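Asks: Could you have a look at this structure, given as structure tokens, before my questions?
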Amino acid sequence: MNRDPIAELERARSALWSLDAGTDRETWVKVAMSAKANGLAFEDFHEWSATAGNYRNEAECRSVWQSIKEGGIGAGSLFHAARAAGWTDDGEAPASRPQSHQERPRQPEQPKAPPHDPRAVWDACEPATADQAYIARKVGLPDGLRVYHGSLKIAGMACAGSLVLPIRTLAGEVVDLQLVIPKANVLPGKQDKMLLPGVQVSQWPDACLTIGGPLKPESIVYIVEGVGQAWSAHQATRRPAVVAFGVGRMASVAAALRERYPAARLVLVADAGKENQCAAIAKFVSGAWVEMPKGSPRNYDLNDIHQAEGLAAVRDLLEGVKEHPQRFKFQDAEQFAEQPPLEWLVKGLIPRRGVVAAYGPSGCGKSFLVLDLVGAIVEGREWFGRRTVRTPALYICLEGSAGFGKRLAAYRREVGGLAGMKVLAAQFVLNSRQDENDIIDAIVGQGMKGGILVLDTLAQATPGLDENSGEGMTAIIAACQRIQRATDTVLLLIHHSGKDVARGLRGHSSLIGALDASIEVSGGIDGAARQWSAIKVKDDAAGEAHPFDLRRVVLGTDDDGDDITSCVVDLASPPAEAFKKARLPGGGNMRIAWDRLCELLRTGGIFGKASAPEGRPCFSLESALTDIAGRLTCDQKRRRERAEQAVTSLVARGLVVHEEGWLWLR
């Protein structure tokens with residue numbers, strides 16, 4: 001099972017502190033070996049060892065620690081010994097010692113209270129002043145610190161006159177104290193900073209000391225080993241600094257700060273020689289770190305720079321933060337707003353890059369319309385009054401390829417040249433990684449990168465695809481986006497409407513959501529006027545309907561003397577004139593639906609729904625279908641279906657508009 005590395009270190013510390021540091025030397029050395037195998041730092045081992053009554057000095061601890069080589073005692077030995085001593089791991093029951101049948105079972109011992117209550121010792125101390133020896137030596141600050149004047153001794157050293165640092169949880173509870181013993185009281189070979197005997201500070205992963213607080217949700221926070229570094233960081237920047245009390249506790253303190261202050265910027269300040277540890281912690285908590293100047297002696301720290309070069313040097317060093325590369329880089333909204341506007345291939349309709357679609361029912365003329373669009377783009381001509389940017393085009397013709405040559409001939413004769421346009425009529429499968437890679441290579445290799453790529457049609461390029469499957473459509477969308485990004489093109493898909501024309505693109509709804517723009521083409525059925533509309537336009541408003549006609553062009557005669565024909569796109573009459581020419585339904589279900597819908601719109605009293613013009617009466621599609629179905633004379637089981645077909649035909653003829661579940665007359 002993969003475990004959180006930071007949590008594993010805390011688990012190992014917890015196991016270590018459950019053991020008696022005053023054991024015999026052989027056991028003590030074995031514990032050291034297992035602690036090191038678990039990745040604990042020397043500071044963890046030394047802090048624990050210093051709680052023993054037979055503790056000698058730091059030099060002895062360091063000598064043993066440095067002598068430990070890989071192999072031998074493994075990581076599991078520490079937990080085995082801890083469980084035998086009654087320690088529990090994540091709530092498991094403590095291991096019981098084997099007992100003789102002649103012995104009475106012994107009652108489990110109650111946990112021993114520490115010999116010195118941190119809060120009681122703290123309350124007995126007096127406020128520190130700036131002339132306290134350690135504060136003066138480190139050019140520090142007395143704020144929030146105290147001085148001890150009692151009879152307490154730690155490791156045989158008298159604590160009277162010691163500077164006392166409170167170690168608090170982030171909630172403010174005092175759980176331990178660090179005493180800085182006066183130099184005159186420090187015994188040979190022992191350190192001057194001591195924790196209270198018997199207190200296991202590892203029980204509180206968030207225990208620390210804040211200099212220059214309080215901490216704020218979005219502030220910059222420096223995390224340091226000792227109070228000297230914290231004083232220097234705070235005085236140089238006026239920002240809070242958190243004392244972790246040793247590099248071995250920096251990980252747990254940083255993790256606790258990140259959990260409590262998710263928006264804070266955490267900066268770990270490494271003593272010389274501990275850069276890798278701080279870099280690893282910074283990566284875990286999504287923070288940054290600062291390193292001492294290159295060539296600094298081991299354990300050289302921020303306070304050393306403060307005393308040698310002054311606060312300006314400290315401030316300069318802290319500005320040189322290091323960060324791990326991040327995949328996502330956030331931008332300031334004010335700066336983002338200054339970005340240049342969207343680039344258009346067809347002004348206000350098709351962006352310079354992206355995936356777009358033109359769709360409509362069979363016979364509406366969408367392929368002729370797209371060819372007319374592409375012809376305008378390769379020549380840089382206006383299209384329906386919209387400016388275009390001249391760019392090369394590749395047209396992949398998979399549907400009706402036999403007649404595509406005639407369409408090109410008709411366009412060239414009646415409209416203009418096609419220089420800059422290439423055609424591919426070979427089989428191409430969009431849901432094939434091999435075809436995807438090959439088309440990318442061909443586009444780049446043949447100089448078509450940065451142009452427009454037309455895929456006619458999406459259905460022919462995705463054989464076997466269930467278009468209504470979210471999973472299948474998502475895979476197709478991803479393939480389209482990969483091709484678009486790799487070729488820096490606009491990928492234009494020609495697609496069909498669904499059976500219900502009013503519902504738009506055929507297939508799963510994820511397709512329309514992924515498009516940067518879409519053009520709906522309607523009409524051409526039963527003589528209905530043809531038109532196209534911008535249904536979705538990236539960073540712009542969808543436009544009004546644009547009518548067009550398909551004009552028949554005679555290209556010649558065949559061997560039987562019959563005309564060889566094709567069509568080109570012509571601008572049609574304005575929308576009002578086109579509506580006048582639209583044929584009203586003559587009879588049957590469509591006529592019933594038309595008459596009833598007109599009546600419902602006259603009496604409904606609902607206006608301005610979706611994008612209906614101001615003052616235009618609207619009526620709910622669902623309510624209209626229910627009403628119309630009740631008036632049809634066909635088999636009762638088929639009435640709803642027939643009502644849907646009748647309304648769909650009215651929409652296709654251009655007599656009725658459907659949008660967002662609302663109907664109104666065009």
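Asks: Within segment 615-665, which residues are hydrophobic (A, V, I, L, M, F, W, C) and free of Cβ contacts under 8 Å to residues at least 40 places away in the same chain?
Replies: Ala624, Leu625, Ile628, Ala629
Asks: Tell me, please, whether a residue that is of a type in the set (Asp, Glu), in contact (Cβ under 8 Å) with a residue 12 or more places away in the chain and part of a loop (DSSP other than H, G, I, E, B) can be found in segment 175-194.
Replies: Yes: one or more hits.
Asks: For residues in segment 227-271 being free of Cβ contacts under 8 Å to residues at least 24 places away in the same chain and assigned to a helix (DSSP H, G or I), which is farthest from Lys193 (Cα to Cα)?
Replies: Among those that are free of Cβ contacts under 8 Å to residues at least 24 places away in the same chain and assigned to a helix (DSSP H, G or I), it is Glu259.
Asks: Sort out which residues of segment 431-472 are in contact with an Asp or Glu (Cβ under 7 Å, 6 or more places away or on another chain), closer than 22 Å to Ile350 by Cα and not in a strand (DSSP E or B), and write them in order of number.
Replies: Result: Lys449, Gly450, Thr457.
Asks: Ok, one more. Among the residues in segment 614-627, are any surrounded by 13 or more Cβ atoms within 10 Å (Cβ to Cβ) and more than 47 Å from the chain's Cα centre (by Cα)?
Replies: yes
Asks: Against the conditions (1) over 30 Å from Asn38 (Cα atoms); (2) hydroxyl-bearing (Ser, Thr, Tyr); (3) in contact with an Asp or Glu (Cβ under 6 Å, 6 or more places away or on another chain), where does Thr237 fall short? Just the number, please.
Replies: It is condition (3) that Thr237 fails.
Asks: Sticking with this structure for a sec: Going by what's in this entry, would Val180 be described as surrounded by 20 or more Cβ atoms within 10 Å (Cβ to Cβ) and either modelled with pLDDT under 90 or of a type in the set (Lys, Arg) (or both)?
Replies: no
Asks: Name the pairs: first residue in segment 115-142 and without any contact (Cβ under 8 Å) to a residue 40 or more places away in the chain, second residue among the aromatic types (Phe, Trp, Tyr), Cβ to Cβ under 8 Å, at least 6 apart or on different chains?
Replies: Ala124/Tyr148; Cys125/Tyr148
Asks: Tell me, yes or no, whether segment 208-219 has at least one residue that is in the same structural domain as Gly287 (by TED's automatic domain parsing) and part of a helix (DSSP H, G or I).
Replies: Within segment 208-219, none of the residues are in the same structural domain as Gly287 (by TED's automatic domain parsing) and part of a helix (DSSP H, G or I).
Conditions (1) of a type outside the set (Asp, Glu); (2) at pLDDT 90 or above; (3) over 43 Å from the mean Cα position of the chain (by Cα), marked per residue:
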| position | (1), (2), (3) |
| --- | --- |
| Ala59 | yes, no, yes |
| Gly71 | yes, no, no |
| Gly144 | yes, yes, no |
| Gly150 | yes, yes, yes |
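Asks: In the list Arg390, Arg407, Arg412, which residue meets the criterion of being assigned by TED's automatic domain parsing to the domain that holds Asp456, surrounded by fewer than 18 Cβ atoms within 10 Å (Cβ to Cβ) and touching a residue at least 24 places away in the same chain (Cβ under 8 Å)?
Replies: Arg390
Asks: Which residue is nearest to the chain's Cα centre (by Cα), if the candidates are limited to segment 185-206 and must be β-branched (Val, Ile, Thr) and under 20 Å from Gly150 (Cβ atoms)?
Replies: Ranking the qualifying residues of segment 185-206, first place goes to Val199.
Asks: Still on this structure, I have one more. In segment 37-52, how many are assigned to a loop (DSSP other than H, G, I, E, B) and either more than 40 Å from the chain's Cα centre (by Cα) or modelled with pLDDT under 80 (or both)?
Replies: 3
Asks: Kindly state which strands (runs of 3 or more DSSP E) lie completely within segment 525-625 and contain at least 3 residues that are at pLDDT 85 or above, assigned by TED's automatic domain parsing to the domain that holds Leu408 and touching a Ser or Thr at 6+ places or on another chain (Cβ under 8 Å).
Replies: Those strands (runs of 3 or more DSSP E) span 530-537, 546-557.
The values are calculated or read from the model by the stated rules, or taken from the named source; none is laboratory data. For clarity, every value in this text was computed on a predicted model and none was experimentally measured. Neighbour counts run over all protein chains shown; Cβ positions are idealised from the backbone, glycine included.
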